[in-house]
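The structure appears right after this line, and notes come after that.
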Amino acid sequence: MDILNNIDMQTYYLLMAAMFVLAVVVYIALFFFKAGYGYLSTSNWGPKINNKLAWVLMESPAFFFMLLYTLSFLKYDSVNGNDKTVVLMMAGFYLLHYFQRSFIFPLLMRGKGKMPIAIMLMGMVFNTLNSYFIGGWLFVYAPEGMYTADWLTSPQFIVGGLVFLTGMLINLDSDHVIRHLRKPGDNRHYIPRKGLYKYVTSANYFGELTEWVGYAILTLSPAGLLFAVWTFANLAPRAKALTLKYEEEFGDEYRELHKKHLIPFIW
């Protein structure tokens, strides 16, 4: 892609460094300013739109940006000196997640919830930038010869791939638990108790964090590490806020479950 080839590697790394710093800022800020959607929904974030539409608009740039990368390089025998099959498989993990998140997850959502437009737009910007970093690494900036055919049988790819898929299954199962807490027409809140919700408040977030830790391992890339860091920075404060919200609503009934916020048995 010409726009990427016109950005030198030094600029690429400087942009990633800036995103690492921003992740730290966001992590701290989110302990004071709650992202007001879902169970933590508030009126402080301005106008809102339909939740399903918002999720499609917010998540789909990640899918389409990576798809554009992939299609742009299909005609080549190798990708900047790296094995084409390996690079496409790593892009495939990313596409798999974001196809589900962009087009399947919204269709399965229940209720008539709404998301602040401001949060949706911030999500769109982040997903576009993240896809640039990961797609740029896989297709443009990864060192020549890093991803050979042997990468597919390497410990990092096998372990990382299994961690990624495990995280995705946890995420899917956790979303299923949340969707089936209420019957149609019921607007009350309930405590999720099945699956990993036995151990943490935000099992779905734990699944997503696990996915991107796995992706960082299977690619051994700074871009993958950046995404894992950002996932934790974004979700950890929200997981704690959700715990406090449940405790506020359900009191001792929730506290006595002794759940962790995000990571089972740890935090």
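Read-outs: derived from the displayed coordinates by stated rules, not from any lab. Note that the structure is a prediction, hence the values are computed from the model and not measured. No Cβ is skipped: glycine too gets one built from the backbone with ideal geometry, and neighbour counts run over all protein chains shown.
In the chain, taking the dipole from charged Cβ atoms about the Cα centre, the farthest positive-side position among A18, M58, Y147 is held by M58.
Look at W267, W45 and count the other Cβ atoms within 10 Å of each Cβ; fewest to most, that gives W267, W45.
If we count other beta carbons within 10 Å of each Cβ, what is the order of I134, I170, I263, fewest first?
I263, I170, I134
Here the spin labels are modelled as points 7 Å beyond Cα on the Cα-Cβ line, and at L14 and L71 they lie 3.2 nm apart.
With the convex hull of the Cα atoms taken as the outline of the stretch 162-254, the averaged projected area works out to 6.4 nm². The distance from the alpha carbon centre of the stretch 88-102 to that of the stretch 209-267 is 21 Å, rounded to a whole number. With N as its number of residues, the chain has a Cα radius of gyration that, divided by 2.2 N^0.38 Å, comes to 1.05. Measuring nothing but how far apart in sequence close Cα pairs (under 8 Å, 6+ apart) lie, relative to its length, the stretch 2-255 scores a relative contact order of 26 percent.
Measuring r between the beta carbons of K183 and S78 and using R0 = 35 Å, the FRET efficiency lands at 0.05. Using the average count of surrounding beta-carbon atoms within 10 Å as a protection proxy, the listed peptides 203-216, 180-193 rank, highest first, as 203-216, 180-193.
Among complete DSSP H helices in the chain, those whose alpha-carbon atoms stretch at least 27 Å along the helix's long axis and whose mean Kyte-Doolittle hydropathy reaches -0.5 are 9-29, 51-73, 117-136, 155-179, 222-250.
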